[in-house]
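No lab work stands behind these numbers, since they all come straight from the coordinates. On a predicted model such as this, the values are computed, not experimentally measured, just so you know. Glycine also receives a Cβ, built like all others from the backbone with ideal geometry; neighbour counts cover every protein chain displayed.
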Amino acid sequence: MNQNKTERSVAFFEEAKKYIPGGVNSPCRAYLAVQDTPRFIEKANGSYIYDVDGNAYIDYIGSWGPMILGNNHPIVLDAVKEVIESGLSFGAATEREIQMAKLVCGLVPSMDMVRMVNSGTEATMSALRTARGYTGRDKFIKFEGCYHGHSDALLVKAGSGLIANGGAPDSAGVTEGCAKDTLTAVYNDFESVQKLFEENKGEIAAIIIEPVAANMGVVPPNPRFLKQLREICDVNKTVLIFDEVITGFRLALGGAQELFDVKPDMTTFGKIIGGGMPVGAYGGKREIMEMVAPCGTVYQAGTLSGNPVAMAAGIAQLSYLKEHPEVYTHINKLGKLLYGGLRKLAEKADVPCSVNDIGSIGSLFFTGQEVKNYLSAKTADITAYGTYFRQMLLKGIYLAPAQFEAMFISYAHTETQIKETLEAAEDCLTNLKRV
Ligand code: HOZ
């Protein structure tokens, strides 16, 4: 496969830049971090995604995770088709919201109650507000390189697009006031957390963490790390929030918290619970969630929250996952094949690489160092990643257009496609060695 036609994408991009900042509605999509022209997408189906120039790619983004069953899965599509006949939005309570809440709370035992919102950003922002309201404290801890959406207090030393372009991991426009209560610790370094607790006794409302970091590339937690966070939160009456926007319903039906057997007090989810529709959710212990309006004094609201179309899509996908454990067997098996294969190929090609993976998500970092936190992730050679990315794209492999993002495998991927991907990677890594 040689997917090198880009005429229409180039033209669209030029046009888009006139009206949309950077030509895109989310920075990662601009391909700045890989010095290429973004491919404008026409459609996606199963494990493939197609651009406007007629190129087909094996899709390892899957809309950044939610397409766990593959793009356009008939179960999800049929549910959407059925519900749109009855109306697109009411801004009023519906039965599907109860179904969704029961489903989510049933699958994630740490959650007694859940509130639907429209994105992961809203979910984390609201969870944090709730934790602050519940504890009556202002400060909270996040980890360098973890990304929890783009609300002000959380855009401090954040991962994802903020690091992708080699820029500062902070955003202009975030006032000192908004950021002053955000304390940052080092991922996988419990001592850095202990130190913050010692320096801010009785003042820390919450720890928020991606239980598996996936926005500085994929970085799994050390074996004891999450349990240590649980313990220190218990001792200090601090709310432990797991941001499972990426890991929820993906690493296991009950998310990373099931896999690592650590119960957070609160959890946030994103697009995966809407089957790809714009959805997020936050929830947790009853006594904490009862702080949320109209029960309690923490305010949060939204016309599109619990939107009927999004609920129908999400219920269809989550129900399918619940009834089909073979989805996880399949994607995890392909994960081993793909990430194990990449590790061997990098070794064979003698390119300094570090592959981190867990289940169906993984990252190939262009560094000889073990990647266990933001600092080590940052040692990756982003120019090498750009070269690798562009070559893979030409060979029909659609990867994240930035070093510090994850690859996602879906139920629609096959062993044959993984082999095809590894063959492409072998060529690209060998070429990279020559360069
Ligand atoms: N925040 C996403 C990556 N971690 C990218 C979102 C998008 O561009 O769609």
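Amide H contacts of A213: V219, each under 5 Å away and 5 or more positions distant or on a separate chain (H built 1.01 Å from N in the peptide plane; Pro and chain starts excluded).
For the chain, adding -39500 (n - 2.57) for each run of n ≥ 4 DSSP H residues and dividing by the number of residues yields -12000 deg cm²/dmol at 222 nm. Sequentially through the stretch 309-325, phi angles give Karplus couplings (6.51, -1.76, 1.60; θ = phi - 60°) of 5, 5, 5, 4, 4, x, 4, 4, 5, 5, 5, 4, 4, 4, 8, 10, x Hz, Gly and Pro residues having no value and appearing as x. For A205, nonlocal amide neighbours, meaning residues 5 or more places apart or on other chains whose placed amide H falls under 5 Å from its own, are D138, K139, F140.
Within the P(r) computed for the stretch 86-235, what percentage of the Cα pairs occupies the region above 25 Å? For the stretch 86-235, the fraction of Cα-Cα distances above 25 Å is 36 percent. The lysines within cross-link reach of K201, meaning a Cα-to-Cα straight distance under 28 Å and a gap of 8 or more places when in the same chain, are K139, K142, K157, K180, K227, K237, K263, K285, K372. Between the amide H of T268 and those of F242, D243, E244, distances stay under 5 Å, these residues lying 5 or more places away or on another chain, with hydrogens modeled in the peptide plane.
Counting every other Cβ atom within 10 Å of each residue's Cβ, L364, L196 order from fewest to most as L196, L364.
Give me the base-10 log of I(q)/I(0) for the chain at each q in 0.08, 0.12, 0.13 Å⁻¹, Debye formula, one uniform scatterer per Cα, rounded to two decimals. Cα-only, vacuum Debye calculation for the chain: -0.43, -1.00, -1.18. Pop a pseudo-label 7 angstrom from the Cα along the beta-carbon direction at both E199 and D78 and give the gap in nm to one decimal. For the pair E199/D78, the computed spacing is 5.6 nm. Here the peptides 278-285, 292-299 are ranked by packing, the mean other Cβ count within 10 Å, and the order with the highest first is 278-285, 292-299.
Taking a ≥ b ≥ c as the square roots of the eigenvalues of the Cα gyration tensor, the stretch 33-73 is classed as oblate, since a/c reaches at least 1.5 and a/b does not exceed b/c. As a rough footprinting exposure proxy, the listed residues H73, H324 were ranked by other beta carbons within 10 Å of their own, and the order from fewest upward is H324, H73. Sorted fewest first by neighbouring Cβ atoms within 10 angstrom, L399, L162, L77, L422 come out as L77, L422, L162, L399.
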